[in-house]
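Q: Here it is: the structure, laid out below.
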Amino acid sequence: MHANVHVIGDATGQANFKALHDPFWVRWGLVGVAVGFIVLFLCVPLGLVLYQAFSKGWQAYWTALAQPDAIAAMQLTLVVALITVPLNTVFGIAAAWAITRFEFWGKSLLTTLIDLPFSVSPVISGLIFVLMFGAQGWFGEWFSAHDIKVIFAVPGIVLATIFITFPFVARELIPLMQEMGNEEEEAALSLGASGWKTFFKVTLPNIKWALLYGVLLCNARAMGEFGAVSVVSGHIRGVTNTLPLHVEVSYNDYDVIGAFSSASILAGLAIVTLVLKSFLEWKQARV
Amino acid sequence: MSILLNNISKNFGKFAALYDVSLEIPEGELVALLGPSGCGKTTLLRIIAGLETPDFGRVLLSGEDKTEQHVSRRGIGFVFQHYALFRHMTVFDNIAFGLRVKPRKERPTEAFISKKVHSLLELVQLDWLADRFPDQLSGGQRQRIALARALAVEPSVLLLDEPFGALDASVRKDLRQWLRNLHQELHVTSIFVTHDQEEAMEVASQVVVLNQGRIEQQGAPADIYDHPANAFVSKFIGQTNVFDLSETESNWLQRAGILAEKPQGIFAHVRPHHIDIVKAEETSGSPVTLKDWQHLGATIRVELFNPQHNGSGATLFAEMPNERFKQLNLNKGDRVAVHIKQAHWFN
Amino acid sequence: MTQSNIMPGFRPALAYTLFYLGLVVLIPLSTLVFKSLQLGWGEYVDIITNNRVVSSFRVSFGTSLIAALVAGLFGFVIAWVLVRYPFPGKRFLDALIDLPFALPTAVAGVILATIFQPSGMLGKWLMTSFGVQVAYKPLGIVVALIFIGIPFVVRTIEPVLQEFDTTMEEAASSLGATRLQVFTQVIFPNIFPALLTGVSLAFARGVGEYGSVIFIAGNLPYVSEIVPLLIITKLEQYQYAGATAIALTMLLVSFLLLLIVNLLQLWARRRSGQI
């Protein structure tokens, strides 16, 4: 009873604190500015995608999506994400484990390097793979001699996407596992659990929401990456066009329905991502 | 400045933090608002400060109605529980803040401000910390800086929210004495909130006991201790043995001397030092077993067990000077007779 | 290496981390440096001081800076409102802030171009009412970069505002400060380092941004051509050396700016007693 009363009596919500009250016109003025900005910059664009995609009706929408090029683009996008996300997830877990559970020389440098791809322009991220595997690149001759295409082919797209989405999982896990400490794991080990058992029974249940969060963001970026992929893809219709590239190509061909129907798929992906993100944040806050 | 609170009520949602509280505080007093957590004492302090508005009732400072006046115009000094020092400012800038935000016409010169800040720093004996940031100070130092900051604007009332709550026990002892001395020096009407009855009794000249949003009693510390107005105050201030007449054999009580007069209520509250004991065969006092004792410095606390009943009153505490206890020459398990010298009666 | 630790798996985890990091990130990035080293100094200077290249740097950094500042202003207001004031629909709007993170940049680019083109929804209105053309002008780049930058600012400031010790405001108020004085002297100095971080993140992202910009920019050389686009143009013309030199320069300038911002932040934190 007392604990309960204490909370209400001594730490009430901010709204009750008179000294923090801003004048009415300030409050609603600022709310107006903020809401106006969000509606104009964020809500309107979302609505516009649907408006444009369906501007010629359902039929045109479906026809545009059923085009072989569009379907190929969707398939390629899925393939890229299916390769990229698991690889980066395994890396993220390994890196977080090494960084948060052990002390070693150069640890902070390693943490910085993991974040490096975030500060590199997507176009440069594509460029470096062209420099490596392109016709004039380091390994270009060797690869072309063996008839392996990397640039202007799927492997190049996958590599560029891996580079771009490299830090997502690791950077979600590292702070969380740092904060958690390793007492629980030590307890499990002291009770005779093996290393893998400890990881699967103790660590993984504790980090699962953050892990999913990282995977979600990684996936969204992998499916939506444009700049880096655009450099290495060569824009070959039906072969090396991912969905975002298909949007670009259609838009540049003045195929509004084609561009926006594909864009609506990607926008839907973004909305699903946001909803799941909110859900995971809510889940994580209750852990 | 005197403070007058008329019929103050404050609700947070459905929870009544304060219910019809009226209180008068004469000028120059050092008052403790004492009560268990959640009793509304902090809310009352914040209402006096103007950090919160009451739902009903008026706040009068020096006879003027200030209920609607904003905290920044009220001329009070408020020391926050966790000090709320501006962490981006040095100690000097923290203390100077109140002077620097005055309207241009009233604002003193920088030279004056500097002099004032240094004299306050001297007052709180921390002049050498002027260029530090709050994060670099110890808890006790922050407390004193917060006080200096509140004093800089020469407030007519000083309000302190749990001023010693966040400090180590040893620092707390020193600061209590220091605050008392400071008050005697400055003589500004001061109110502090505390849940520690010992602290309230030691520091304050007046104690206001609150419980569940109501004032239970107001008075000088000695008054409150010797004449508690009700069972809550009696139990909350100091130690008390409670005898429930409906559970206790009147026979036993009569022999202990408590029922010499007519009972004036259902519960008899007896302070430990109002219980005297002697070896059982000496007098006809009511017999109990000596269970254990603890040394409390100059006095001894004796734990007694009354095998004749269960429930309240089964275990009694008595306190007496060391000398007296030695004279009695008692051992654990001895039968002793209890003599009760004084009791407070409540319903 | 101090291994007083009973935790298992240090060697395989670290080995895999380093291997993967090297293979996927470090080796590819190093090609940029090695390729540039093949260029002579004179050649490098020639490429970089070319008028079109210099213009593109000016466009990229200039628009990014303006956009980051505007995003800083609105981002601050949005974060403030989301943390401080209750209003209907708040949770929904809060979740929507991350849209620019989640929406593929090409989609954002196509949408913004459609809205702001002279015949578009807002474009037409701005054109007829104010005579301002947004799309296919540097202004269009700024608009796209504001869109991209907003979540960086909001998400950096929000947690700091939430953790902000409001008793500091009450203390200032009780000492006689007006609400404006409380804001300028107590709240803002404490939020400023976070604002600086948010703005610099938005700026860094803006400089490298490609997808959301190219559709709305018009891509006119010397006027609205951004550096990333110029790199792609060079690549398409098989001018690998030129592309590499520009890319490396951009990377170095970005890192240099980030370093300056970090130092600035350190200074701001120190000044405000947060370190």
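The values are calculated or read from the model by the stated rules, or taken from the named source; none is laboratory data. Just so it is clear, the model here is predicted, and its values are computed rather than measured. Note: ideal-geometry Cβ built from the backbone for every residue, glycine included; neighbour counts use all protein chains shown.
Q: Which residues, counting only those in region A:211-240, are touching an Asp or Glu at 6+ places or on another chain (Cβ under 9 Å), at pLDDT 90 or above and not in a helix (DSSP H, G or I)?
A: A:PHE226
Q: Here's a follow-up. Among the helices (runs of 4 or more DSSP H) confined wholly to region C:90-184, which include 2 or more residues that are surrounded by fewer than 17 Cβ atoms within 10 Å (Cβ to Cβ) and hydroxyl-bearing (Ser, Thr, Tyr)?
A: The qualifying helices (runs of 4 or more DSSP H) are C:121-130.
The rows are residues; the columns are (1) crowded, with 24+ Cβ neighbours inside 10 Å; (2) within 27 Å of A:GLY92 (Cβ to Cβ).
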residue: A:LEU211; (1), (2): no, yes
residue: A:GLY224; (1), (2): yes, yes
residue: A:VAL247; (1), (2): yes, no
residue: A:TYR251; (1), (2): no, no
residue: A:SER261; (1), (2): yes, no
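Q: What's the total number of residues in region B:68-89 that are more than 7 Å from chain C (Cβ to nearest Cβ) and of a type in the set (S, T, N, Q)?
A: Going through region B:68-89 one residue at a time, the tally reaches 2.
Q: Would you pick out the residues in region A:91-124 that are modelled with pLDDT of 90 or more, more than 8 Å from chain C (Cβ to nearest Cβ), under 16 Å from A:ILE162 (Cα atoms) and out of contact with any Cys (no Cβ under 9 Å at 6 or more places or on another chain)?
A: A:ILE93
Q: Tell me which residues, restricted to region B:32-49, are more than 9 Å from chain A (Cβ to nearest Cβ) and crowded, with 23+ Cβ neighbours inside 10 Å.
A: B:ALA32, B:LEU33, B:LEU34, B:GLY35, B:LEU44, B:ILE47, B:ILE48
Q: Among (1) within 11 Å of chain A (Cβ to nearest Cβ); (2) farther than 23 Å from C:ALA144 by Cα; (3) among the aromatic types (Phe, Trp, Tyr), where does C:TRP267 come up short?
A: The number of the failed condition is (1).
Q: Also, I was wondering about something else. With respect to C:LEU235, determine if the residue is within 9 Å of another protein chain (Cβ to nearest Cβ) and either out of contact with any Gly (no Cβ under 9 Å at 6 or more places or on another chain) or modelled with pLDDT of 90 or more (or both).
A: no
Q: Could you tell me whether any residue of region A:144-152 is within 22 Å of A:THR242 (Cα to Cα), aromatic (Phe, Trp, Tyr) and over 19 Å from the mean Cα position of the chain (by Cα)?
A: Yes; the residues of region A:144-152 include at least one that is within 22 Å of A:THR242 (Cα to Cα), aromatic (Phe, Trp, Tyr) and over 19 Å from the mean Cα position of the chain (by Cα).
Q: Next question. Starting from residues that are polar (S, T, N, Q) and in contact (Cβ under 8 Å) with a residue 12 or more places away in the chain, keep the ones in region B:74-113 and report whichever is surrounded by the most Cβ atoms within 10 Å (Cβ to Cβ).
A: B:ASN94
Q: Right, C:VAL223: away from every other protein chain (no Cβ under 11 Å), among the hydrophobic types (A, V, I, L, M, F, W, C) and either surrounded by fewer than 23 Cβ atoms within 10 Å (Cβ to Cβ) or out of contact with any Asp or Glu (no Cβ under 9 Å at 6 or more places or on another chain) (or both) or not?
A: Yes: the conditions hold for C:VAL223.
Q: Take the residues of region A:239-282 that are of a type in the set (Phe, Trp, Tyr) and on the phi < 0 side of the Ramachandran plot: which is nearest to the other protein chains (Cβ to nearest Cβ)?
A: Here the residue is A:TYR251.
Q: Could you say which residue among C:LEU93, C:LEU29, C:LEU18, C:LEU23 is closer than 28 Å to A:GLY92 by Cβ and facing chain A (nearest Cβ under 7 Å)?
A: It is C:LEU29.
One line per residue, one yes/no per condition, for (1) touching a helix residue (DSSP H, G or I) at 6+ places or on another chain (Cβ under 8 Å); (2) assigned to a helix (DSSP H, G or I); (3) closer than 17 Å to C:ILE48 by Cβ:
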| site | (1), (2), (3) |
| --- | --- |
| C:THR233 | no, yes, yes |
| C:TYR238 | no, no, no |
| C:THR244 | yes, yes, yes |
| C:LEU248 | yes, yes, yes |
| C:LEU266 | no, yes, no |
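Q: Might you check whether a residue that is surrounded by fewer than 19 Cβ atoms within 10 Å (Cβ to Cβ) and farther than 30 Å from B:VAL302 by Cβ occurs anywhere in region B:220-234?
A: So far as region B:220-234 goes, no, none of its residues is surrounded by fewer than 19 Cβ atoms within 10 Å (Cβ to Cβ) and farther than 30 Å from B:VAL302 by Cβ.
Q: I'm trying to understand the selection: among the residues of region A:32-72, which are farther than 21 Å from A:ASN241 by Cα, in a helix (DSSP H, G or I) and in contact with a Phe, Trp or Tyr (Cβ under 7 Å, 6 or more places away or on another chain)?
A: Result: A:PHE37, A:PHE41, A:GLN52.
Q: Oh, and also: Just checking, which of B:VAL209, B:VAL153, B:VAL188 is crowded, with 16+ Cβ neighbours inside 10 Å and at pLDDT below 90?
A: One residue alone meets the criteria, B:VAL153.
Q: When the residues of region A:134-189 are filtered to those that are buried (at least 23 other Cβ atoms within 10 Å of the Cβ) and of a type in the set (Asp, Glu), which remaining residue is modelled with the highest pLDDT?
A: Selected residue: A:GLU172.
Q: Continuing with the same structure: Would a scan of region A:173-183 turn up a residue that is touching an Asp or Glu at 6+ places or on another chain (Cβ under 9 Å), part of a helix (DSSP H, G or I) and more than 15 Å from A:THR161 (Cα to Cα)?
A: For region A:173-183, residues touching an Asp or Glu at 6+ places or on another chain (Cβ under 9 Å), part of a helix (DSSP H, G or I) and more than 15 Å from A:THR161 (Cα to Cα): absent.
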